Structure formats: C-alpha cells, structure tokens
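Below is one structure, written out as structure tokens; the observations come after it.
The values are calculated or read from the model by the stated rules, or taken from the named source; none is laboratory data. This one's a predicted model, so the numbers in the text were calculated from it and none came from an experiment. Positions of Cβ are generated from backbone atoms using ideal geometry, with glycine treated the same way; all protein chains shown enter the neighbour counts. Only protein heavy atoms, including side chains, enter the accessible area calculation; ligands, DNA and RNA are left aside. Shrake-Rupley method; radii C 1.70, N 1.55, O 1.52, S 1.80 Å.
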Amino acid sequence: MLFTEHPFLERFAAAAQAGFEGVEYLFPYEWPAAELAARLREHGLEQVLFNLPPGDWEAGERGIACLPDRVEEFREGVFTALEYARELGCLRLNCLAGLKPDSVPDGVAFDTLVNNLRFAADLLAAEGIMLTVEAINSRLDMPGFLLDGSGMAMAAIDAAGRDNIRLQYDIYHMQIMEGDICRSLSRLSPHIGHIQFADNPGRHEPGSGEIRFDHVFRHIDSLDYDGWVSAEYHPSVSTQESLGWFRRG
C-alpha cells in the first residue's frame, strides 16, 4: 500500500531509504522468489509477512480457507507459500479466511477453516514458521468476511489448537468493528503474532483520522509484545509526505 509511486520491485529500495527495516505485501506470487530475495538482500530488509494464496483476488475472492469445495486448492496454496517463505526467509504467513457464501452453513464454513488452519499450521511448524489469522471488518472493506471480529478469530485459533497459530491484529479493522483499541490489545497481546495499522476513517496514515496513535504506539510499547508493527495504509498524500508519524518515532 505504501510507495505505490514506484513499480513494485523498486519499492524495496524506497522502503529502505525511508528507514524501514522490514517489508510486507499482500502476495509475492506474481514475481520469482529469487528476484524478491535478491531485493531483500540488496537493501538489508526482512520479509516480515505475506498472505497465503487467496483464490482469484482480481475476481473479488478474499481467501478460500472457509470454502468446503476448495480444500485441495487451499492445501496446494500452502505448499506454494511455503516455497516462497523458505526463499525469502519469512517466518510469518497470514491466512485469509475468505467470504462465506450464503449457500454454506456457518458451522460448515467455520469447521472447514479450522481444519485448514490445522493443516497449514502443522506444515509450517516443521519449518519454524508462524501462521497468523486476521479479522477484517465486514462493514466497509469486506462484507461477508467470515472472521470480522477478534472474538471470532480467537474462536478459530482456539478450535485449531496449534501452538504456532497467532492473531494478526489490524488496528484499522478493529477500530471499525470493536473500538477500545488499547484495552483490546492488552487483553489479546498473549495471542498476537503481528500488528498492522491505519487511521480511521479513510484507512490513511496516522494523524489523518480519529485514532490517537501517539497513545496507541506508547501502549503497544508497554505490552509484552516483541513482534512487528506494520504500516498498512493508503497514504492521503505521497508516501514520503505521509511518514511524519514514523519520523517522530
């Protein structure tokens, strides 16, 4: 979402020049893993996270993990993601649960997701890789997304029962669905494996909306959390102009 002023492969240099030490993006699969790994090495960056294959993203699919008729495709996607993770040295992969079709009962979608999480987590555990599960707001960004609150995401994680599954906590999505961000972060911090942020409304940079990010960032620092905190927003100006929050840090 950041540095979109540049072609994708040039964004690694831009991120490093701006002072970032790690990068994430939705999907790496359009580019050869060796090319991405070379960009990471060249610019001294860590590949922090990317998503498992989501199905047909351009056609509107937002993950297939909850779809009972796509289990084999999901499993093939886990193997593909693992190949990229090995090449990129990436220790976190995120699973998008997907949009639940009206034709699929809630319980069937949930059970399918849980079984797929177990399969992915078991495969990744052998490589020392964490699997994260994200709740995404269903009010604005992804209507129909199966896991649209932290409670639902934690229910899936608990049901899967694997030690290497963690919650991916997106401050923007949870502000829309739940609010009370700092208390929520405190309560969930033992289960959080990755944090993302954007302001609300608009999903722009900190300072553009209603969230007190100076307070939120200090609160995260006070928690027993040693993972990454990633900027996942659409800059309202150029990316460089949007980084005032980062420079102050």
- Message: Contact order normalised by length for segment 197-248, with contacts defined as Cα pairs under 8 Å and 6 or more residues apart; what percent is it?
- Response: 42 percent
- Message: Given a 1.4 angstrom probe, what's the average accessible area per residue across the chain, in square angstrom?
- Response: 46 Å²
- Query: What is the gain in length, in nm to one decimal, between L123 and D141 on full extension, counting 0.36 nm per residue of separation less the C-alpha to C-alpha distance?
  - Reply: 3.4 nm
- Query: For the chain, what is the calculated [θ] at 222 nm in deg cm²/dmol (nearest 500), taking -39500 (n - 2.57) for each run of four or more DSSP H residues and dividing by its residue count?
  - Reply: -12000 deg cm²/dmol
- Query: Any idea how far the Cα center of segment 81-144 sits from the one of segment 210-225, in Å?
  - Reply: 26 Å
- Share of carbon and sulfur in the accessible heavy-atom surface of segment 114-249 [1.4 Å probe, %]: 48 percent
- Distance in nm between D221 and Q17 label points, each 7 Å along Cα→Cβ, equals 2.8 nm
- Kindly work out what percent of the DSSP beta bridges joining two residues of the chain are antiparallel, to the nearest 5. 5 percent
